[in-house]
Amino acid sequence: MEKTIYLDYAATTPVDERVLQAMLPYFSHTFGNPSSIHQYGQKAENAIEAARETVAGVLKCRPDEIIFTSCGSESDNLALRGASLAMRAKKNANWILTSQAEHHAVSRTAGQMAELFGFEVEWLPVDEYGMVLPQTIAQAICHQTAIVSVMLANNEIGTINPISKISEICHEQGVLLHTDAVQAAAYLPVNVDALGVDLLSLGGHKFYGPKGVGALYVRKGTPLVPVQTGGGQEVGLRAGTQNVPYIVGFAEALRLTDLERKARAAQVKPMRDRIIGSVLENIPDAKLTGHPIERLPNHCSFVFKGVDGNFLLTLLDSAGFACSSGSACKTGNPEPSEVMRLMQLPLEWGLGSLRVTLGTASTAVDVEKFLARLPGLVEKARKLQ
Ligand SMILES: *Cc1c(COP(=O)(O)O)cnc(C)c1O
């Protein structure tokens, strides 16, 4: 049997061999608790502080502005919950502005802040490509806004948001801006000053680092209360003994990503364009979702009329291709995702989504194999429905 071709790099990436090698000594050789006073502790602490400097070097910020967390979702939670609670305490601001197309780690956190903690949420509309337009922010923002949260790039449809333009509006009003850069960081620069953000979330496993580790950039002076309380780790903003090997791996993966970002984008972009062109040309009733130009260089997403996306995924899997519907929906729930609903598609289109995302092991040969099979499988999915 032929090996399954992996086309789901937006869901997760394998750990880079160089990253793994950097991590290994910190499991059982240099194993100390970074908070301990003795040599063992100092060595572990040195490893974390070196990792923090590496991450700060990529983000072009100060090392003490980096908080290590357990994942991208936790970074989003800390940013939204921590900053909105702090801004309410500081100036009685009780509005959270966030887009309708955010990852659940942001949208469900905002939803809970409204339901249980007395905040108001304004769900900012997006355009037909899922993009948040700066004027939308300008219309909604006011002195009672605690925080604005808009993702840098969308995981389902690949659209890149104009964060630096949005940041100008936020800063004119003196309002904090958070961006979820978890999906974007593999391909877009995450220079926090160029983006103009106060808070930025990252997750290691989207750029060839390990799962279960993330980081939050917190601009110096940003009001933030910890979500996880306890010991004083991470300048008191995230209690818990740090996961030293994973933090080392996170930093090494981000460093390599930054070094190789342009080359990686140049590798995948022609394959992305080949897939998009071929699908739109050869499959009837197919549409691209997300922005045609302002999109991640490894990201293709489509809808097919009259297709059950989950059924298509199982057909693809049997044929040896690992793709996604874009919504990470495994529940068998035949509902279009929130993001698909925003695309304003007619009912017969909304369930037929397919996300194809490329990465370092993707080859033109694999892409051609995929393109040779996809039209037939879409036809089959239409007939068997
Ligand atoms: C993957 C992802 C997350 C969640 O990150 P985890 O590290 O898996 O918790 C959040 N936001 C976006 C945009 C993502 O793509």
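The values are calculated or read from the model by the stated rules, or taken from the named source; none is laboratory data. None of these values were measured; they are calculated from a predicted model. Glycine also receives a Cβ, built like all others from the backbone with ideal geometry; neighbour counts cover every protein chain displayed. The protein model used for the area step is the full one, side chains on, heavy atoms only, and it has no ligands, DNA or RNA in it. Shrake-Rupley method; radii C 1.70, N 1.55, O 1.52, S 1.80 Å.
A few points about this structure:
- The magnitude of the dipole of the stretch 17-257, with charges of +1 and -1 set on the Cβ of Lys/Arg and Asp/Glu and taken from the Cα centre, is near 520 debye.
- Long-range HN-HN contacts of residue 8 with modeled amide H, under 5 Å: 357
- Accessible-area composition of the stretch 17-257, carbon plus sulfur, in percent [1.4 Å probe]: 51 percent
- Alpha-carbon centroid distance for the pair the stretch 29-44 / the stretch 272-298, whole angstrom: 50 Å
- When the Gaussian network model of the chain links Cα atoms closer than 10 Å, the mean-square fluctuations of 145, 136, 357 top out at 136.
- Under-5 Å amide H pairs with residue 100, H placed in peptide plane, nonlocal only: 124, 126
- Neighbourhood net charge (9 Å Cβ-Cβ; Lys/Arg +1, Asp/Glu -1) for residue 252: +1
- Our coupling estimate for the stretch 56-63, obtained by passing each phi through the Karplus curve with A = 6.51, B = -1.76, C = 1.60 and θ = phi - 60°, is 4, x, 6, 7, 6, 9, 8, x Hz, Gly and Pro reported as x.
- Its Cα gyration tensor gives the stretch 345-385 an equivalent ellipsoid, and the semi-axes of that ellipsoid, as √(5λ) in whole Å with the largest first, are 25, 14, 6.
- The chain, Rg to Rh (Cα coordinates; Rh as Kirkwood inverse mean 1/r): 0.98
- Net charge of the neighbourhood of residue 275, taken over other residues with C-beta under 15 Å away and scored Lys/Arg +1, Asp/Glu -1, is +3.
- Exposure ranking of 36, 318, 301 by accessible area [1.4 Å probe, largest first]: 318, 36, 301
- In sequence order, the stretch 354-365 has phi-based couplings of 9, 10, 10, 10, 9, x, 4, 8, 6, 10, 4, 5 Hz under the Karplus curve 6.51 cos²θ - 1.76 cosθ + 1.60, θ = phi - 60°, and Gly or Pro positions carry x.
- For the pair the stretch 177-241 and the stretch 63-84, the centres of their Cα atoms are 5 angstrom apart.
- Straight-distance crosslink candidates among lysines, where the alpha carbon sits under 16 Å from residue 380 and sequence neighbours closer than 8 are dropped: 305
- Computed 3J(HN,Hα) for the stretch 380-385, one whole-Hz value per residue from the Karplus formula 6.51 cos²θ - 1.76 cosθ + 1.60 where θ = phi - 60°, is 4, 4, 5, 6, 7, 6, glycine and proline marked x.
- Within the stretch 105-183, the GluC sites (Glu not before Pro) that combine a DSSP coil assignment with at most 16 other C-beta atoms in a 10 angstrom radius are 128.
- Taking every DSSP beta bridge that has both ends in the chain, the antiparallel portion is near 55%.
- Cα radius of gyration and Dmax for the stretch 139-196 (Å): 11.7, 34
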